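Notes for the one structure printed next.
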Number of protein chains: 4
Amino acid sequence: MKTKIFLLSILLLGTISLSAQRRILNVPELPGYVTLKCDFHSHTVFSDGNVWPTQRIGEAWRDGLDAISITDHIEYQPKKQYIPSDHNAAWNIAKSTADNFNIILVHGTEITRKMPPGHLNALFITDADSLNRPEFMEVIEAAVRQGAFIQWNHPGWKSQEPDGIPKFYPVHQELIAKGLLHGIEYSNEHEQYPLVMDMCRDNKLAVMGNSDVHGLIIEEFSAPDYSHRPMTLVFAKERTHESLKEAMFAGRTAVWYGDHLAAFEMFAAPLFRSVVTAGKPFKDDGKSIWFELSNSSDLPMDLTGGPEGAPAELKLPASGMVVVKADRKYLAEPISYNVSNIITGSDSVLRVEIMPAKM
Amino acid sequence: MKTKIFLLSILLLGTISLSAQRRILNVPELPGYVTLKCDFHSHTVFSDGNVWPTQRIGEAWRDGLDAISITDHIEYQPKKQYIPSDHNAAWNIAKSTADNFNIILVHGTEITRKMPPGHLNALFITDADSLNRPEFMEVIEAAVRQGAFIQWNHPGWKSQEPDGIPKFYPVHQELIAKGLLHGIEYSNEHEQYPLVMDMCRDNKLAVMGNSDVHGLIIEEFSAPDYSHRPMTLVFAKERTHESLKEAMFAGRTAVWYGDHLAAFEMFAAPLFRSVVTAGKPFKDDGKSIWFELSNSSDLPMDLTGGPEGAPAELKLPASGMVVVKADRKYLAEPISYNVSNIITGSDSVLRVEIMPAKM
Amino acid sequence: MKTKIFLLSILLLGTISLSAQRRILNVPELPGYVTLKCDFHSHTVFSDGNVWPTQRIGEAWRDGLDAISITDHIEYQPKKQYIPSDHNAAWNIAKSTADNFNIILVHGTEITRKMPPGHLNALFITDADSLNRPEFMEVIEAAVRQGAFIQWNHPGWKSQEPDGIPKFYPVHQELIAKGLLHGIEYSNEHEQYPLVMDMCRDNKLAVMGNSDVHGLIIEEFSAPDYSHRPMTLVFAKERTHESLKEAMFAGRTAVWYGDHLAAFEMFAAPLFRSVVTAGKPFKDDGKSIWFELSNSSDLPMDLTGGPEGAPAELKLPASGMVVVKADRKYLAEPISYNVSNIITGSDSVLRVEIMPAKM
Amino acid sequence: MKTKIFLLSILLLGTISLSAQRRILNVPELPGYVTLKCDFHSHTVFSDGNVWPTQRIGEAWRDGLDAISITDHIEYQPKKQYIPSDHNAAWNIAKSTADNFNIILVHGTEITRKMPPGHLNALFITDADSLNRPEFMEVIEAAVRQGAFIQWNHPGWKSQEPDGIPKFYPVHQELIAKGLLHGIEYSNEHEQYPLVMDMCRDNKLAVMGNSDVHGLIIEEFSAPDYSHRPMTLVFAKERTHESLKEAMFAGRTAVWYGDHLAAFEMFAAPLFRSVVTAGKPFKDDGKSIWFELSNSSDLPMDLTGGPEGAPAELKLPASGMVVVKADRKYLAEPISYNVSNIITGSDSVLRVEIMPAKM
């Protein structure tokens, strides 16, 4: 009766612009693509989450996301005593709110088995109820017939994989061989699994990063510890459901978690260049030059391993800049750095070259 | 399966003390009593709220509250298509979590009618399902037979009372005459109704202040706008369910909302004295004295209307202090101020006298 | 000996990029110009300020400014007992730090007289000591011979103008007639003087906004009350000392204070368009359209006075967006709003037209 | 002329209580003593600091300190070109402001030599100018004749002691033998020297912790990294200059830096007990008990090494509480923990015993 709720007040469109504010996330872009900010793993009261589905849309809108999926467990229904199982309910409830806020709501579900195979999300499905059947491979095949993108969730989660090391079991190899696996979570909630970078590169799968939120984004991922939830960046041709799906099957993704980016080098290198800019030298004393290095994105950049005659480290804050003092020889040759917070593989980071702009 | 939720992780007692932290609220005390911090009005998915009942316990614990009530609407069940009506469900679900966290969970419900009579909470009931019946007065009488404290909610809510002015209708006068009304909300969510102070004083009812939260406390009442939700302060003999109930029926309550306190003068005066302390003069130049005035509570104090020879205004921050410079004559006579943020009636505020401590 | 100071550590260039971070201010741009963020009024221990001159450079660099002036009082030297008067000392001390950080340090001073004429800053001078002479008009003429831009400071400051209303005295009219006055402060520290917009427009003077800081920027202008100090935005051809000076004499300035911008309409209109963008309609139900309206700057936009069939108010947060729901007729005609926080005159605000992008 | 400065406005006593607010620090207390919060090491423009002396009083008052000392270098005067040396100037300038704000201003100076002996502060002196003489031991003896407490500063500072390990040189042993050394800095600015705990215990010296601020407290020690500057806690009989001095010579001190306390066990144990309180068990299921453990101070408590049947770790937030679930046997025997953030020696921390209150 008295639906005075802050975020749900955004449903009442007359007041939307007064009561709710959407943040713009400044993320790197890939030339020719738009970077969609996405979270493909979340829960509601329709499995073991603690919120009503519309809350997930409100959170996504406030946080500046473009697309989310609600992926309640099919096989785990701890609130069944109070809420009868209805695996499409969350999607049905949230869809009109998503439409009103330009959030792409990807119909999804979490197929929830012991390891192996563990937990897998089926994204871009059309009916979750029909996936409630015992035989695992049948479920995956049925999902893929619906058009699903299959994501293997938290492969190193210690409750399922006590040593914390993700590894392919025969069932995963079978999925890959049959073209039934399309992505793996590198980052889930507060965890990361470095080997996933290699597993995805070797098998042409998309790297994924998601919140897997059960409670509240604002309680789990807020300042001063976090500036945003973990998310999958998808490099799509357009901000549409179709383009999003195309990009994911094509593997054009990266993961933004905390102050880190995990991205294959072919994406990481142009992403870095799209936001980091060196100015012209503004001072030259005949021995050294001084120039500004700026970062227009919300991702800080930690440059390390600088060469002789240049700063050993440069911490480029989000939406900030530093002054670089370096030998004059660097007017003519680039300064090489590791970007220690841009992960390109299980034991590699992005390597970049910096040069001041021409006078 | 993966109940990794921050606040619900507090359910897993092994990790509780690591993952969740309870804030201590520093509130004024009444000599001989303990001040219980309470919120007697909140909603969950079992009516038109957006969260699972345990979330309300988690919020209360984090926020430093002693007691709450979940008061889902009996007559308004907008999620019935997905969640069959069960008016005791929220209490049944939340009770064991409350027990694990020393939160007094008051069994309650909201009787939801058009004005008049409007909305009323029945608190300290034993069975909400049995209150689902058409005739209003019968419902109230049944609740009171269960031991209920009846609270009239948001009497000036504009959706029900277009001029925003709370007023007694015959039905309310009948309730009072029969001893079936025990408290009225002075503060509900973001609104206050000044006349309620007089209505309660004249009829020996308790003044109440509650969040009426449907979404999330952290989204509605957080910094920089708010340091806490609106709440009812109850002056109880002990921190127990029985003492709480005794104090409420005895009318020993006050309302803390934003940076304001609403309390009858017999409570407000000793509350002020329990937290505001004047030090000895630390400087005396023969004409003026200087002394510290400190406030140990989380409620700032706005002193206004100071006399000649003393500061006209003194803003005593929460957990802070100011220096007062005043004429030497105030060594011998008190300095009178209005405490403009301690409301004692519809058009009165607390009047206090300040004197430096004796040397 | 132990110069471990945080901001001064930026002087030690080896560690600069690790210890100090410069914020990027996202301000509107004028096509063909670069917006320089400037503060032309500040003090140090060389008059009645409380800091050493290099601190002003550190603050400017951290805050993302492009240019500042230190403008110590010539005639008011309250620290003379300890610091012998040297009106060029602040500039001499701060210049090399400014050079190392790409801050344009404008040589300036404050000519400090009773009203009239009041206080005036001489900016772009070459020698302040030579301006220490009794006759006011001689001082101004000498400054202008040095190339000075003359700014009249806080013309409505109540200590000098008890009614708070700025007005031209004969001496100001004489200055204008002789071409010896070039700008007036619309905003000084925490005050604004609306009439200055008209006084500047009528006399082709530049509107100015400055901090007039004596203590610390971080103590006077920080969150939650402020996101930045008051500043003059100068629309220059390049980020150089020469371009800055050319733009100021040409009157291409605006004032950013709190969440407000004061700018003549010829600047305000393109500035608004440079940062506010309407998206294509993402929903159309045959009666209404929904589209996003985004703001890429650090200046929020408060749109009011919306027409029938469109939101009455739209609060566009800094670096944020809202959703607009409007009648379909607004596919074909613009929606007019007042931008109530962009001031174009003493009683006018910017008027804008919004239209969704073409499909 | 326009002394509108925020913190200095506190000088203008008419407005003090409106414009400036003093924070109350909640620190542990020793029975029979008052804990004075002190910073005995700071600089101003009269040596190599960046602020005017009154700024140090403003900072101290805002931060809730009781006593400070301004300790400009005698032998290092880098601003001499502009500010003639006057080693008592800072004290003379700041004293009346200190008196107006009830800040105990300890007259001090820093004797600044190469290692050995390094830098030493002379506190409670009467004339700094007379200490400007070449022979080190003569200076110390002259200071002590003035009544000075001699503090050895940052004994492990790498600019003087490349391995970072503090050690006594013969000159220090001579000072101790002659009774001319009274305290050593365990904590200086952002550094700590663990061995100082042992060096002080073995020689009956006071442990000291100070900011050594040259720039601004608010820039070096603010949220989210710091909640307060490093400080010396002095357990004095009264809040007076005399009691402060008596307590320091008696060695009744501790150091509060970041989230740590360094204190000898005879102080640390009662300090812990003064603020940490266990409640009565509020739940008992026949196997386990549940009780609250609360911390009323601004110092968090990190309990580690818990025994079987009790939580391994307990993080008690500042002004917060946790719930402890433990075996019923702990009704009868205490639960032992290390308080890993209360340092009692170079390799020891405080050991405490926790028991729930009696029913």
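The values are calculated or read from the model by the stated rules, or taken from the named source; none is laboratory data. Note that the structure is a prediction, hence the values are computed from the model and not measured. No Cβ is skipped: glycine too gets one built from the backbone with ideal geometry, and neighbour counts run over all protein chains shown. Surface areas here come from the heavy atoms of the whole protein model, side chains and all, with no ligands, DNA or RNA. Shrake-Rupley method; radii C 1.70, N 1.55, O 1.52, S 1.80 Å.
Quick test of your reading of the structure: D:Cys38 fulfils all but one of (1) crowded, with 19+ Cβ neighbours inside 10 Å; (2) facing chain C (nearest Cβ under 9 Å). Name the failing condition by number.
(2)
Among the candidates B:Glu29, B:Glu75, B:Glu135, single out the residue that is more than 14 Å from chain A (Cβ to nearest Cβ) and farther than 30 Å from B:Ser296 by Cα. First the steps, then the outcome.
On the way: B:Glu29 fails: farther than 30 Å from B:Ser296 by Cα; B:Glu75 fails: more than 14 Å from chain A (Cβ to nearest Cβ).
Going through B:Glu29, B:Glu75, B:Glu135 in turn, the sole match is B:Glu135.
When only residues in segment B:112-164 that are among the aliphatic types (A, V, I, L, M) and within 14 Å of B:Glu174 (Cβ to Cβ) count, which is most open to solvent (accessible area, probe 1.4 Å)?
So in segment B:112-164, the residues among the aliphatic types (A, V, I, L, M) come out as B:115, B:120, B:122-123, B:125, B:128, B:131, B:137, B:139-140, B:142-144, B:148, B:150.
Next cut, within 14 Å of B:Glu174 (Cβ to Cβ) only: B:120, B:137, B:139-140, B:144, B:150.
Numbers: B:Leu120: 0, B:Met137: 20, B:Val139: 0, B:Ile140: 0, B:Val144: 45, B:Ile150: 0 Å².
Filtering first and then ranking leaves B:Val144.
I'd like to verify a number: residues in segment C:324-352 that are of a type outside the set (A, V, I, L, M, F, W, C), more than 26 Å from the chain's Cα centre (by Cα) and more than 10 Å from chain A (Cβ to nearest Cβ), how many? Working first, answer last.
First pass over segment C:324-352, keeping only residues of a type outside the set (A, V, I, L, M, F, W, C): C:325, C:327-330, C:333-334, C:336-338, C:340-341, C:344-348, C:351.
From the residues that got through so far, the ones that are more than 26 Å from the chain's Cα centre (by Cα) too are C:325, C:327-330, C:333-334, C:336.
From the residues that got through so far, the ones that are more than 10 Å from chain A (Cβ to nearest Cβ) too are C:327-330, C:333-334, C:336.
Counting residues in segment C:324-352 that are of a type outside the set (A, V, I, L, M, F, W, C), more than 26 Å from the chain's Cα centre (by Cα) and more than 10 Å from chain A (Cβ to nearest Cβ) gives 7.
Do you know which of the residues in segment B:251-263 that are open to solvent by 20 Å² or more (accessible area, probe 1.4 Å) and in contact with a strand residue (DSSP E or B) (Cβ under 8 Å, 6 or more places away or on another chain) is nearest to the other protein chains (Cβ to nearest Cβ)?
Selected residue: B:Asp259.
Would you tally the residues in segment D:303-323 being more than 7 Å from every other protein chain (Cβ to nearest Cβ), surrounded by 18 or more Cβ atoms within 10 Å (Cβ to Cβ) and not in a loop (DSSP other than H, G, I, E, B)?
2
Any idea which residue in segment D:319-338 is nearest to B:Thr97 (Cα to Cα), counting only those that are among the hydrophobic types (A, V, I, L, M, F, W, C) and in contact with a strand residue (DSSP E or B) (Cβ under 9 Å, 6 or more places away or on another chain)?
D:Val323
Please identify the pairs in which a residue from segment D:214-225 that is under 17 Å from D:Ser47 (Cβ atoms) and within 7 Å of chain C (Cβ to nearest Cβ) has its Cβ atom under 8 Å from the Cβ atom of a residue that is open to solvent by 40 Å² or more (accessible area, probe 1.4 Å) and among the charged types (D, E, K, R), counting only partners at least 6 apart or on another chain.
Here the result reads D:His214/C:Lys4, each pair linking segment D:214-225 to a residue that is open to solvent by 40 Å² or more (accessible area, probe 1.4 Å) and among the charged types (D, E, K, R).
Kindly evaluate A:Thr109 against the criterion of being loosely packed, with under 15 Cβ neighbours inside 10 Å and touching a strand residue (DSSP E or B) at 6+ places or on another chain (Cβ under 7 Å).
no
Can you spot a residue in segment D:144-160 that is more than 18 Å from D:Ser42 (Cβ to Cβ), of a type in the set (A, V, I, L, M) and out of contact with any Cys (no Cβ under 7 Å at 6 or more places or on another chain)?
Of segment D:144-160, the ones more than 18 Å from D:Ser42 (Cβ to Cβ) are D:144-147, D:155-156, D:158-160.
From the residues that got through so far, the ones that are of a type in the set (A, V, I, L, M) too are D:144.
From the residues that got through so far, the ones that are out of contact with any Cys (no Cβ under 7 Å at 6 or more places or on another chain) too are D:144.
Yes: segment D:144-160 contains one or more residues that are more than 18 Å from D:Ser42 (Cβ to Cβ), of a type in the set (A, V, I, L, M) and out of contact with any Cys (no Cβ under 7 Å at 6 or more places or on another chain).
Out of (1) touching a residue at least 40 places away in the same chain (Cβ under 8 Å); (2) touching a Phe, Trp or Tyr at 6+ places or on another chain (Cβ under 9 Å), the odd one out for D:Arg113 is which?
The one condition D:Arg113 does not meet is (1).
Cβ contacts < 8 Å: first residue on the phi > 0 side of the Ramachandran plot, restricted to segment A:169-194; second residue of a type in the set (D, E, K, R) and in a loop (DSSP other than H, G, I, E, B), any location; separation 6+ or different chain. Result?
Going by the 8 Å Cβ cut-off, the qualifying pairs are A:Glu189/A:Asp212; A:Glu189/B:Lys4.
Which of the residues spanning segment B:78-103 are in contact with a helix residue (DSSP H, G or I) (Cβ under 8 Å, 6 or more places away or on another chain) and more than 9 Å from every other protein chain (Cβ to nearest Cβ)?
Residues satisfying the conditions are B:His87, B:Asn88, B:Ala90, B:Trp91, B:Ala94, B:Thr97, B:Ala98, B:Ile103.
Take D:Asn102 and tell me if it is open to solvent by 10 Å² or more (accessible area, probe 1.4 Å) and under 20 Å from the mean Cα position of the chain (by Cα). Steps first, please.
On the way: open to solvent by 10 Å² or more (accessible area, probe 1.4 Å): yes; under 20 Å from the mean Cα position of the chain (by Cα): yes.
Answer is yes for this residue.
Quick one: in segment B:328-359, of everything that is among the hydroxyl-bearing types (Ser, Thr, Tyr) and not in a strand (DSSP E or B), which residue is surrounded by the fewest Cβ atoms within 10 Å (Cβ to Cβ)? Outline the logic, then answer.
In the first step, residues of segment B:328-359 are kept if they are among the hydroxyl-bearing types (Ser, Thr, Tyr); the result is B:330, B:336-337, B:340, B:344, B:346, B:348.
Subsequent filtering for residues that are not in a strand (DSSP E or B) retains B:330, B:346.
On the way: B:Tyr330: 20, B:Ser346: 13.
Per the stated criteria, the residue is B:Ser346.
Here are some conditions: (1) in contact with a strand residue (DSSP E or B) (Cβ under 7 Å, 6 or more places away or on another chain); (2) surrounded by fewer than 16 Cβ atoms within 10 Å (Cβ to Cβ); (3) more than 12 Å from chain B (Cβ to nearest Cβ). D:Thr277 meets all but one. Which one does it not meet?
(3)
Looking at this structure, is D:Asn100 touching a residue at least 40 places away in the same chain (Cβ under 8 Å) and not charged (D, E, K, R)?
Working: touching a residue at least 40 places away in the same chain (Cβ under 8 Å): yes; not charged (D, E, K, R): yes.
Yes; evaluated as a whole, the condition is true for this residue.
For residues that are more than 17 Å from A:Glu353 (Cα to Cα) and basic (Lys, Arg), tally how many sit in segment A:284-329.
1
Scan segment B:283-308 residue by residue and report those that are over 16 Å from D:Arg22 (Cα atoms) and aromatic (Phe, Trp, Tyr).
None; the set is empty.
Rundown of residues vs (1) surrounded by fewer than 20 Cβ atoms within 10 Å (Cβ to Cβ); (2) at pLDDT below 95; (3) not in a loop (DSSP other than H, G, I, E, B), yes/no style:
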{"position": "B:Val27", "(1), (2), (3)": "no, yes, no"}
{"position": "B:Thr44", "(1), (2), (3)": "no, no, no"}
{"position": "B:Arg56", "(1), (2), (3)": "no, no, yes"}
{"position": "B:Gln77", "(1), (2), (3)": "yes, no, no"}
{"position": "B:Pro84", "(1), (2), (3)": "yes, no, no"}
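From C:Leu293, C:Leu271, which residue is more than 11 Å from chain A (Cβ to nearest Cβ), buried (at least 19 other Cβ atoms within 10 Å of the Cβ) and not in a loop (DSSP other than H, G, I, E, B)? Lay out the reasoning, then the answer.
Values: C:Leu293 fails: more than 11 Å from chain A (Cβ to nearest Cβ).
So the residue among C:Leu293, C:Leu271 that is more than 11 Å from chain A (Cβ to nearest Cβ), buried (at least 19 other Cβ atoms within 10 Å of the Cβ) and not in a loop (DSSP other than H, G, I, E, B) is C:Leu271.
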